[in-house]
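The values are calculated or read from the model by the stated rules, or taken from the named source; none is laboratory data. Keep in mind the model is a prediction, meaning the values are calculated, not measured. No Cβ is skipped: glycine too gets one built from the backbone with ideal geometry, and neighbour counts run over all protein chains shown. Note: areas computed on protein heavy atoms with side chains; ligands, DNA, RNA excluded. Shrake-Rupley method; radii C 1.70, N 1.55, O 1.52, S 1.80 Å.
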Amino acid sequence: MESGKLSEDYALQLDARDPLAPFKHRFHHIDGAIYMDGNSLGLMCREAEESLMRVVEEWRTLGIGGWTQAKVPWISFAEELGRLTEPLVGAEPGEVVATGGTTINLHALVATFYNPQGERRRILADELNFPSDLYALASQIALRGGDPWEDLVLVRSRDGHTIEEDDVVEAMDQDVQLALLPSVYYRSGQLLDMERLTREAHERGITIGFDLGHSVGVVPHRLHQWGVDFAFWCNYKYVNGGPGSIGGLYVHQKHWGRRPGLAGWFGNDRSTMFDMRLEFQPAGDASAWQIGTTHILSAAPVEGSLRLINEAGIERIREKSKAITSYLIELVDGLLPEEEYGFHVVTPRDPERRGGHVGVSHPDGWRVNQALIARGVVPDFRPPNIIRLAPVPLYTSYHDVWRTVHHMKAIIDRGEHLSFSKEKPTVT
Ligand SMILES: Cc1ncc(COP(=O)(O)O)c(C=O)c1O
């Protein structure tokens, strides 16, 4: 029996004092499972289900009339979701719109903000970013006639898990025109200092954008105040908008009026959109970066889920996120000594330097991950050997975390992972 901070009683006490604990009941949970994978796909909350079902009903009863007569008229659904997202990213009115998806929005924004000229033609990124971003950046360089091997500069990691801001700043030289970095790293969960990086980029005349996929909905941002040029994200992780739900993008006010690199009629000023003029007239704000028709069915659940997040408040969500990820790390340290159990926390220990999940490596990570699933824990795995655990503030309890770490312990104590295959399926 553990005592003190490692005990089950202590976990239950933490839950009893958690102001966000009542939100757990606003979500649908998977029977018998401890869900620790909200960093990949958030659970469905009742509000998301309701807004989705409302839109389905509007389609059934209004048909095309839904574009103007629905409760949130579909023609302005993207802007309404933008308004609901502003508090999460620290944007001013008009700077956010819901549209596309992560990689698609990256393309739309980089096609606008990447302007290679003379010597200044490089894009600065890093080797730990989500590969889709790097594929997209390389293709944008090739589209402009550049050589991705030459013009895409990747900051290297010193330890394989994190990127030092100093190294990014050092790489911001005169050849760099655009920098694109994640807010939070998808494997280690490291949170970059976006404010500092934006300041340093601007001092050197570099435009800077961020992929907020792993921070939106769990980490507050001050994009407008920091002067970030652009950002984009998905809504299916901590925003709980559902699989493949519509994404979001942000364009700082100072760039409004610029012509989007990838234009389409949904980016046209609404007042003349249906005049069907031959010439594109971009909207006066971030709406201009939409391309085609809003994906209403994948946008619908995001409305309810954003309302729930705003009710809880992003600052309170962040407070719990820091506390519950710290608690998870303390339990791993206290119950699973590395020499005996082989687990190693790859996430920064300073809560200010991490997002919403904790990455734990294990030499046999893939098989341990399968053994966790067999025990009813839902984590996920990223190569080479990282198990990601996301205690999501709105629906994960401290007791869930306590139980998860005990499952990890029992798996190694009993050698349960050894009976699983080392082969990996195509989706992990
Ligand atoms: C940080 C990051 N960027 C980009 C992507 C790709 O997202 P999408 O499939 O929405 O384009 C993901 C997917 O999980 C991601 O985690």
Given C-alpha coordinates of segment 44-120, what is the ratio Rg to Rh with the Kirkwood estimate of Rh? 1.13
Linear extension gain, Glu340 paired with Lys254, 0.36 nm per residue minus alpha-carbon span: 25.5 nm
Could you tell me what % of all Cα pairs in the chain have separations over 33 Å? 36
Karplus 3J(HN,Hα) series, Hz, for segment 264-269 with 6.51 cos²θ - 1.76 cosθ + 1.60 (x for Gly, Pro): x, 5, 6, x, 6, 4
How far, in nm, would the chain grow between Asp364 and Val56 when pulled straight, counting 0.36 nm per residue and subtracting the alpha carbon separation? 106.4 nm
Cα gyration tensor shape for segment 28-85, rounded if a/c is under 1.5, else prolate or oblate: oblate
Taking a probe of 1.4 Å, how large is the accessible area per residue of the chain, in Å²? 41
How much accessible surface does Glu164 have with a 1.4 Å probe, in Å² rounded to 10? 60
Pairs over 19 Å Cα to Cα, from Lys24/Lys322; Lys5/Lys320; Lys237/Lys424, come to Lys237/Lys424
How far apart, in nm, are two points set 7 Å out from the Cα along the Cα-to-Cβ line at Asp350 and at Arg156? 2.4
Between Asp126 and residues 5 or more places away or on another chain, which pairs have amide H atoms under 5 Å apart, with H built 1.01 Å from N, and which residues are they? Val155
In whole percent, the fraction of accessible protein surface over segment 231-360 that belongs to carbon or sulfur atoms, probe radius 1.4 Å, stands at 53
Of Met276, Met44, ordered by accessible area with the largest first and a 1.4 Å probe, the sequence is Met276, Met44
Once neighbouring chains are kept in place and the probe is 1.4 Å, which whole percent of the accessible area of segment 1-103 is contributed by carbon and sulfur? 59
Cut-off 12 Å (backbone N to label point 7 Å along Cα→Cβ of Glu319), residues of segment 16-44: 18-21
Want the number for Arg144 to Asp193: 0.36 nm per residue separation, take away the alpha-carbon distance, what's left? 14.6 nm
For a quick check, take a GNM of the chain with Cα springs below 10 Å and name the residue from Thr61, Thr404, Thr325 with the largest mean-square fluctuation. Thr61
With every protein chain left in place, what is the accessible area of Lys409 in Å² (1.4 Å probe, nearest 10)? 50
In nm, to one decimal, how far is the modelled label at His28 from the one at Thr293, with both set 7 Å along Cα→Cβ? 2.6
Phi to ³J(HN,Hα) by Karplus 6.51 cos²θ - 1.76 cosθ + 1.60 over segment 14-30, Hz, x for Gly, Pro: 4, 5, 5, 9, 7, x, 8, 3, x, 5, 4, 7, 8, 10, 7, 10, 8
